């Protein structure tokens, strides 16, 4: 009798475990479809941000042309585009620089503006120039539908600076702009 009850209990546990594993597979498929729908919606939102020229790239890492990559604070390291104006800023939490934040701030007007859409990968490539009192800069920005962004900034002098981070709206961003560098 005890052996029969034991086998019956093990049988019910086995059936419940098998049905649970099938639910996990269904949930994975549903999650994958939900993720695709979310990325498609984000792709449309990004299009609106680029068309209105109203966004901020908050950098979590800065990288130079040699591949040296350092973690930075996204509050003071950003690229901001607002209509026809733009700001490039770097900063440090450990020292005071030309902008009062341990770095430089270049604010100016946006010149050329080109948007390239990749519908297959759900990504954008944005190319624009920024004319500031410190010089002219070319920015080549790649943004994925999950809002991860990478911007390569180059000027008239040799070298380049790469911002790696997250794209956000101006209203949701918490960046702090330092003093303009002369």
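FYI, it's all coordinate maths here, none of it is from the lab. Just so it is clear, the model here is predicted, and its values are computed rather than measured. FYI the Cβ positions are ideal-geometry reconstructions off the backbone, even for glycines, and counts take in every protein chain you see.
Numerical summary
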{"item": "Number of the exception - residue 86 against (1) closer than 20 Å to residue 167 by Cβ; (2) surrounded by fewer than 19 Cβ atoms within 10 Å (Cβ to Cβ); (3) in contact with a strand residue (DSSP E or B) (Cβ under 9 Å, 6 or more places away or on another chain)", "result": "(2)"}
{"item": "Qualifying residue in segment 81-100 (condition: under 16 Å from the mean Cα position of the chain (by Cα) and within 30 Å of residue 35 (Cβ to Cβ))", "result": "yes"}
{"item": "Number of the condition not met by residue 174 [criteria: (1) surrounded by 13 or more Cβ atoms within 10 Å (Cβ to Cβ); (2) more than 12 Å from the chain's Cα centre (by Cα); (3) within 15 Å of residue 59 (Cα to Cα)]", "result": "(1)"}
